[in-house]
Amino acid sequence: MKTVNTSPFDDQKPGTSGLRKQTCHFQQPDYLENFVQSIFFAMANSDESCAGKTLVVGGDGRFFNLQAIQTIVKMAAANGFSKLLVGKNGILSTPAASLLIRKYKTDGGIILSASHNPGGENGDFGIKYNTPNGGPAPEKVTDAIYKNTLSISEYKITEYDDIDLSVPGIISLDKLNVEIIDSVVDYTEMMQEIFDFDLMKKGVADNTLSLCFDAMHAVTGPYAQEIFINQLGINQENVINAKPLPDFGGGHPDPNQAHAKELTDIMYSASDINTSPDLGAASDGDGDRNMILGKQFFVTPSDSLAIMTANLSEIKAYKSGISGVARSMPTSQAADKVAEKLGIPCYETPTGWKFFGNLLDDNKITLCGEESFGSGSNHIREKDGIWAVLFWLNLLAIKKQSVKDIVTAHWATYGRHYYARHDYEAIDTDAANKLMETLRNSLPDIKSKTLGNYTIKEACDFSYTDPIDGSVSEKQGIIIQLSPDSRIIFRLSGTGTQGATLRVYLEKYETDISKQSLDTTQVLQTLAELSKSIADIANLTGRAEPDVVT
Ligand code: G16
């Protein structure tokens, strides 16, 4: 064991989901080590060692994943850990890591991923710490880690050779046991407990149920192979881009219609609509996001959460009922309408899965989701891509209706929330901060203004008080509530690695059934223009139009 002298980096403040930087930034000497040691200091016993502690370690397989894992193993040995559970070949999807932490009651886990961001030498890398409940560390923990990064002066590491991560089994490094584990087995078992595999298998076998799944050359490939192909009998060719690659095949593992283009083409371009699969779905780099498509039909993540909430009791594991639902603030209010009807609470949290943890642990909610293509339940403490796909597949098997019919029937009952997110990417950080500050300062003047056909009902900066531990998170995004029933929300992303990304969320509620099948872009056109003028976007950022619209 050796102790290495180091000095702090001033840019290791975790964002919405851990620390994300360009890969080359992570590869600079001591950068990874400083952050890992800072996590270990935050986990340490009173003697500052991690003696006796256990940890799950794995990542989404992107470039630098294996090297980072070897470093973490050597540092864990030097810091006194007694056991590590490491994914076979270094691979663990984020949901599988959450499951392993909970199932084997470890003291937490380290997940190596930059999620949907591109990978490779010129892409991004990331690292996050999950706590013993299996969920992303809450702010009080990430604040402690960040504080450690600012004062670190040394880290501990051993000089063992790299270990073989390819064969399941136990490797002993003195007092540390490293168990290499194939998480596909544990994950599949959990999915079998939640969903009706026999029903789905029957539907696939008699050709009444079909799926095309795009793993985007990311972590879900092996999980999809076992669950969709081996267990449910889906054809091999209907699981596309299934091989995990360190650079995701040069793609951008973000499950939206632009980046999951091959899947989108399959779902939209069949000359005979009857020949395309009933369900199209994709997951991201680390397997926690999902996109749901029907035949020539896109389901917004916000609608997906609302529909899951309305139909939860249809699914085997949730028959006993639902305690509540939660959504992040910018997610559309579609789930709120369902919660109102069911007579259950609907919580509105800041963006970031970490804010759902306490609500799930305290059984205040059963389901939660976000506009950023994430949904999940109390089965783990992360959002879960494959789980969401199975949810929809199981629902189709039960209802024997198309995705489009399920969604339009839902709108007819609860109203439709037209929804879009406009991203202005990689803008100058100072300009982005100035835009938000200017908006914040103008809130008192904005209220009660009339803008064309809209009146501003409320304008505020979202602040959240956790109902369980009372912690307060301020400045979580600016909400402009309009009449008739619409919202515009502004916030800065906490997951980008270059400059700043301004996210503008547009939402308009429509109860008139005859107006529920219009073009989203056209319906939201006026709100889009208003968002530009309210925040003076072109003037302050130099961008006239968003780079990405989802
Ligand atoms: C992470 C968080 C999500 C969040 C998303 C986008 O997801 O876990 O809760 O909604 O980032 O965050 P932002 O709008 O700040 O970029 P993931 O899948 O990237 O880990």
Report summary line: Summing +1 per Lys or Arg and -1 per Asp or Glu among the other residues with Cβ less than 10 Å from residue 219's Cβ gives -3
**Report entry** Whole-Hz ³J(HN,Hα) from phi, Karplus 6.51 cos²θ - 1.76 cosθ + 1.60, for the range 314-325, glycine and proline x
**Finding:** 6, 8, 2, 6, 10, 5, 6, x, 10, 7, x, 9
Requested in this report: Any chance you could run the full-extension gain for residue 201 through residue 3? It's 0.36 nm times the residue separation minus the Cα-Cα distance, nm to one decimal.
Outcome: 65.8 nm
Query raised in the report: Going out from 0 in 10 Å bins, what whole percent of all Cα-Cα distances in the range 396-470 drops into each bin?
Result: 13, 21, 28, 24, 12, 1
Query - Orientation-averaged projected area, Cα convex hull of the chain (nm²) - result: 24.4 nm²
Query raised in the report: With every protein chain present, what accessible area does residue 172 have (1.4 Å probe, heavy atoms only), rounded to the nearest 10 Å²?
Result: 80 Å²
Query raised in the report: Using θ = phi - 60° and the Karplus form 6.51 cos²θ - 1.76 cosθ + 1.60, what ³J(HN,Hα) does each residue of the range 9-16 get, whole Hz, x for Gly and Pro?
Result: 9, 8, 10, 10, 7, x, x, 4
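Where in the chain are the DSSP H helices whose C-alpha atoms run 27 Å or more along the long axis and whose mean Kyte hydropathy is at least 0.5?
For the chain, where a helix must reach 27 Å along its axis and average at least 0.5, there are no hits.
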Query raised in the report: Can you give me the relative contact order of the range 1-104 as a percent, contacts being Cα pairs under 8 Å and 6 or more apart?
Result: 28 percent
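What percent antiparallel are the DSSP beta bridges of the range 186-414, to the nearest 5? Numbers along the way, then the final one.
Details: 12 of 25 bridges.
The answer is about 50 percent antiparallel.
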Query raised in the report: Rounded, prolate or oblate: which fits the range 167-256, taking a ≥ b ≥ c as square roots of the Cα gyration tensor eigenvalues, rounded meaning a/c under 1.5, else prolate when a/b beats b/c?
Result: oblate
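So if I place +1 on the C-beta of Lys and Arg and -1 on the C-beta of Asp and Glu, and nothing else carries charge, what would the dipole magnitude of the range 186-414 be about its Cα centre? I want it in debye, nearest 20. Could the numbers behind the result be given before it?
Values: 18 positive and 30 negative charges, 112 e Å.
My answer is approximately 540 debye.
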Report summary line: So the carbon and sulfur contribution to the accessible area of the range 310-380, 1.4 Å probe, in percent, is 41 percent
Query raised in the report: With labels modelled as points extended 7 Å from the Cα through the Cβ direction, what inter-label distance (nm, one decimal) is found for residue 158 paired with residue 521?
Result: 5.8 nm
Query raised in the report: Taking amide hydrogens as modeled 1.01 Å from N in the peptide plane, which residues meet the under 5 Å criterion relative to residue 278, leaving out close sequence neighbours?
Result: 210, 211
Query raised in the report: What accessible area per residue comes out for the chain, rounded to a whole number of Å², with a 1.4 Å probe?
Result: 38 Å²
Query raised in the report: Computed over the Cα atoms of the range 51-165, what is the ratio Rg over Rh, Rh following Kirkwood?
Result: 0.95
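Which of the pairs 316/399; 201/243; 83/128 have their Cα atoms more than 21 Å apart in this structure? Please list the in-between numbers first.
Details: 316/399 14 Å; 201/243 23 Å; 83/128 19 Å.
In this structure, 201/243 lie more than 21 Å apart at Cα.
In whole percent, how big is the carbon plus sulfur part of the accessible area of the range 416-549, probe 1.4 Å, protein atoms only?
Values: 2880 of 6350 Å².
Answer for the range 416-549 is 45 percent, counting heavy atoms of protein chains only.
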**Report entry** Accessible surface of the range 2-181 [probe 1.4 Å, protein heavy atoms]: carbon and sulfur percent
**Finding:** 47 percent
**Report entry** Summed side-chain charge close to residue 119 - residues other than residue 119 whose Cβ falls under 13 Å, Lys, Arg +1, Asp, Glu -1
**Finding:** -4
Query raised in the report: Over the heavy atoms of residue 152, what accessible area does a 1.4 Å probe trace out, to the nearest 10 Å²?
Result: 10 Å²
Requested in this report: For the range 2-181, build the charge dipole from Cβ charges (+1 Lys, Arg; -1 Asp, Glu) around the Cα centre, then report which of 70, 115, 94 sits farthest towards its positive end.
Outcome: 94
Report summary line: For residue 2, counting only lysines whose alpha-carbon sits under 19 Å away and dropping same-chain residues fewer than eight positions off, the answer is 74, 156, 175
Query raised in the report: Quick one: what do you get for the range 416-549 if you divide its Cα Rg by 2.2 N^0.38 Å?
Result: 1.09
Requested in this report: Might you work out the accessible area of residue 166 for me, using a 1.4 Å probe with all protein chains in place, and round it to the nearest 10 Å²?
Outcome: 50 Å²
Query raised in the report: Of 342, 245, which has the most accessible area and how do the rest follow, probe 1.4 Å?
Result: 342, 245
Query - Relative contact order (percent, whole number), the chain, Cα cutoff 8 Å, 6+ residue spacing - result: 13 percent
Requested in this report: Please state the charge dipole magnitude for the chain, taken about the Cα centre, from unit charges on C-beta atoms (+1 on K and R, -1 on D and E), reported in debye and rounded to the nearest 20.
Outcome: 940 debye
Report summary line: Counting only residues 5 or more apart in sequence or on a different chain, those whose built amide H sits under 5 Å from that of residue 57 are 85, 86, 87, 110
Requested in this report: Averaging sequence separations of C-alpha pairs under 8 Å and six or more residues apart, then dividing by the length of the range 471-550, give the relative contact order as a whole percent.
Outcome: 18 percent
Report summary line: One finds, for residue 296 and residue 185 with R0 = 45 angstrom and r their Cβ-Cβ distance, a FRET efficiency to the nearest 0.05 of 0.75
Query raised in the report: Using 1/(1 + (r/R0)^6) with R0 = 45 angstrom and r between the beta carbons of residue 512 and residue 147, what's the FRET efficiency to the nearest 0.05?
Result: 0.25
**Report entry** Estimated 222 nm signal from helices in the chain, with DSSP H stretches of n ≥ 4 weighted -39500 (n - 2.57), rounded to 500
**Finding:** -9500 deg cm²/dmol
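The values are calculated or read from the model by the stated rules, or taken from the named source; none is laboratory data. Keep in mind that what you see is a predicted model, and the values were worked out from it rather than measured. Note: ideal-geometry Cβ built from the backbone for every residue, glycine included; neighbour counts use all protein chains shown. When the accessible area is computed, the model is the full protein with side chains, heavy atoms only, and any ligands, DNA or RNA have been set aside. Shrake-Rupley method; radii C 1.70, N 1.55, O 1.52, S 1.80 Å.
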